[in-house]
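The values are calculated or read from the model by the stated rules, or taken from the named source; none is laboratory data. Given the structure is predicted, the values throughout are model-derived calculations rather than measurements. In this analysis, Cβ positions are derived from the backbone assuming ideal geometry, glycine residues included, and neighbour counts consider all displayed protein chains. Ligands, DNA and RNA are stripped out before the accessible areas are found, and what is left, the full protein with its side chains, is counted by its heavy atoms. Shrake-Rupley method; radii C 1.70, N 1.55, O 1.52, S 1.80 Å.
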Amino acid sequence: MRRRSWFAMNEPRTIPLRPRDRLYAAVTLVLAVLLLPVAFVRRPGRARELACGWALGMRFPAEDLTGLTDGARAAFTAARAEALWRHRQLIGLTSGYRDPAVQQRMFDEEVRRSGSPASARMLVLPPAESGHVKGVALDVRPHEGARWLEEHGARYDLYRLYDNEWWHFEHRPECGGTPPPRRPHPGVGHVLGN
Ligand SMILES: [Zn+2]
């Protein structure tokens, strides 16, 4: 059997928003509205971001923003507040900062699974090159949220980098609002230390 390419396997198909997702988004928005007065008392200038963060924390209880750089965390928080308040779009974090040892383990496992370091790099980078270890990479969900970030993320210096990973975004303020050229997968043209 011919192996399907990563591109084909990972590229999101055009799926209409499921009723369940619509419901989650509506409930999360209602929660954020209810939490707004409390957030306003806590931090008057950033109440909408704060209330949004609390509501999304209830929707995605497993997510963990610790270890991200201050810039990446602030950008992600602001972007998903806009997504929720303006477009009723939820964006959750499935993976942010990773410890170098964890990244190494993931890389080693992928080398074993795929057969070689070169093919492993199509999905996982070694710790020295990984944006997750630097605290600037964000794996997000669901598909619709990722698509929103792809469309609006440049305002927050957040960019999708790879064709084969619709979920992976990085905080790249040095790009100055111009999306960096997208690569087929993480192993292509990666500059060490970039
Ligand atoms: Zn990632």
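Regarding the stretch 40-47, can at least one residue be identified that is modelled with pLDDT of 90 or more and in a loop (DSSP other than H, G, I, E, B)? Yes. Selection of first residues in the stretch 48-62 that are open to solvent by less than 10 Å² (accessible area, probe 1.4 Å) and of second residues that are outside any helix (DSSP H, G or I), restricted to Cβ pairs under 6 Å at least 6 apart or on distinct chains, gives the following pairs, ordered by first then second residue: PHE60/GLY92. With respect to THR66, is the statement that it is modelled with pLDDT of 95 or more, of a type in the set (S, T, N, Q) and closer than 30 Å to ASP99 by Cβ true? The answer is yes for THR66.
The residue list ARG22, ARG86, ARG73 contains one member that is charged (D, E, K, R) and closer than 21 Å to HIS132 by Cα, which is ARG73.
Does any residue of the stretch 86-105 turn out to be of a type in the set (A, V, I, L, M, F, W, C), over 14 Å from the mean Cα position of the chain (by Cα) and in the same structural domain as PHE169 (by TED's automatic domain parsing)? Don't jump to the end; show me each part of the working.
The first filter runs over the stretch 86-105 and keeps only residues of a type in the set (A, V, I, L, M, F, W, C), leaving 90-91, 93, 101-102.
The next check asks that each one be over 14 Å from the mean Cα position of the chain (by Cα); those that pass are 101-102.
Add one more test, that the residue is in the same structural domain as PHE169 (by TED's automatic domain parsing), and what stays is 101-102.
Yes: one or more hits.
Considering (1) crowded, with 20+ Cβ neighbours inside 10 Å; (2) within 16 Å of HIS87 (Cβ to Cβ); (3) at pLDDT 95 or above, the lone condition that GLU144 does not fulfil carries the number (3). Picking from residues in the stretch 155-182 that are in a strand (DSSP E or B) and within 11 Å of the ligand (Cβ to nearest atom), the one that is farthest from ARG73 (Cα to Cα) is TYR162.
Being among the acidic types (Asp, Glu) and either surrounded by 19 or more Cβ atoms within 10 Å (Cβ to Cβ) or within 18 Å of TYR24 (Cα to Cα) (or both) is the filter here; which residues of the stretch 63-76 pass it? Spell out how you get there, then give the answer.
Residues of the stretch 63-76 among the acidic types (Asp, Glu): 63-64, 70.
Residue satisfying the conditions is GLU63 alone.
Every residue, every condition in (1) within 19 Å of ASP157 (Cβ to Cβ); (2) surrounded by fewer than 18 Cβ atoms within 10 Å (Cβ to Cβ), yes or no:
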site	(1), (2)
ALA78	yes, yes
THR94	no, yes
VAL102	no, yes
PHE107	no, no
GLY115	no, yes
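Residues of the stretch 123-149 that are in a strand (DSSP E or B), within 11 Å of the ligand (Cβ to nearest atom) and not β-branched (Val, Ile, Thr): ALA137, LEU138, ASP139. The C-beta contact set for the stretch 80-108 (first residue hydroxyl-bearing (Ser, Thr, Tyr), second residue outside any loop (DSSP other than H, G, I, E, B), distance under 6 angstrom, 6+ apart or interchain) comprises THR94/ASP139; THR94/ARG141; SER95/ASP139.
Is there a residue being at pLDDT 95 or above, in a loop (DSSP other than H, G, I, E, B) and out of contact with any Lys or Arg (no Cβ under 9 Å at 6 or more places or on another chain) anywhere in the stretch 99-110? The answer is yes; a qualifying residue exists. HIS152 versus (1) part of a helix (DSSP H, G or I); (2) within 16 Å of the ligand (Cβ to nearest atom); (3) under 20 Å from ALA74 (Cα atoms): which is the lone unmet condition? HIS152 satisfies all of (1) part of a helix (DSSP H, G or I); (2) within 16 Å of the ligand (Cβ to nearest atom); (3) under 20 Å from ALA74 (Cα atoms) except (2). Here LYS134 meets the list (1) closer than 22 Å to GLY177 by Cβ; (2) surrounded by fewer than 18 Cβ atoms within 10 Å (Cβ to Cβ) almost entirely, failing just condition (2).
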